[in-house]
Every structure is written in C-alpha cells, then in structure tokens.
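**Q** Here's a structure for you.
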Amino acid sequence: QVQLVESGGGLVQAGGSLRLSCAASGSIFSINSMGWYRRAPGKQRELVARITFLGDTNYANSAKGRFTISRDNAKNTVWLQMNSLKPEDTAVYYCYLVQGGNDYWGQGTQLTVSS
C-alpha cells in the first residue's frame, strides 16, 4: 500500500509563488513516476507536471516556464514550485505516483490565486 500526503496549498495573490510538497510512504518501488494533476471548478482534471525516477520531466503548456517539478528519490518526495501564479491556476492539486501498473493519489490540496 502507498500513501501520499500533500502540503503547501493556500491563498496567494496573482504574481506570487507557492511550493507544493508530496511525501509518499509505504511500499515504494525504486522505478516510478510522480507528478501533479489539478482540477479547477467546472473543469476536467488536467496534468500539470510529472517527473520520472530518472528526473525526466513533462509539463502542461500552461505550466511551462512558470512551474518546476523536482523530486528526492531517497525521501520519496516530489515538489511543485509555482511562480507567476495566475487566477486560472486556482484548483485542487493532486499528487500521484505510478508504479508497477498501479496509480496512487493524494487527498488534494487547494490553491486559490486571487486577482
């Protein structure tokens, strides 16, 4: 079993920065991919960024140039540094981990960006 615990959400003004953290625990394989999805009100869930155990990254177009995903394999932790935040970044952000054909999800953390 795998547990993911997110932290770092909150309220920030447009143009500000915030960092989300996600710590995984339990039966973690050395080969996995972690990342962040988000769901804004009235919208479908979308991938924000992901990173493999090798450090390869992918970003949504909306996140490129503003967000940076990173991880510490020894700590099974992934971070999402978000800069130049916009009101349209307001959403619940979910951390996920994929390994061995299974995916695991955190409970979500709310980010609200005020204009």
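**Q** How much length is gained if the chain between S62 and E88 is pulled fully straight, taking 0.36 nm per residue apart and subtracting their Cα-Cα distance, in nm to one decimal?
**A** Net length gain for the segment: 8.4 nm.
**Q** Please calculate how many Å² of accessible area the chain carries per residue, with a 1.4 Å probe and no DNA, RNA or ligand atoms counted.
**A** Roughly 52 Å² per residue, with all protein chains present.
**Q** Counting alpha carbon pairs within less than 8 Å and at least 6 residues apart, what relative contact order, in whole percent, applies to the chain?
**A** Normalised by residue count, the contact order of the chain is 36 percent.
**Q** Which whole-Hz ³J(HN,Hα) couplings does the stretch 92-97 yield from phi under the Karplus relation 6.51 cos²θ - 1.76 cosθ + 1.60, θ = phi - 60°, glycine and proline marked x?
**A** 8, 9, 10, 8, 9, 9
**Q** Find the percent of Cα-Cα distances in the chain that exceed 19 Å, and round it to a whole number.
**A** Working: 2595 of 6555 pairs.
The calculated P(r) of the chain puts 40 percent of pairs beyond 19 Å.
**Q** How far is it, in nm, from the label point at D72 to the one at D103 when both lie 7 Å from their Cα along the line to the Cβ?
**A** That separation, rounded to one decimal, is 2.7 nm.
The values are calculated or read from the model by the stated rules, or taken from the named source; none is laboratory data. Given the structure is predicted, the values throughout are model-derived calculations rather than measurements. Here Cβ is always computed from backbone atoms with ideal geometry, including for glycine, and neighbour counts include all displayed protein chains. Surface areas here come from the heavy atoms of the whole protein model, side chains and all, with no ligands, DNA or RNA. Shrake-Rupley method; radii C 1.70, N 1.55, O 1.52, S 1.80 Å.
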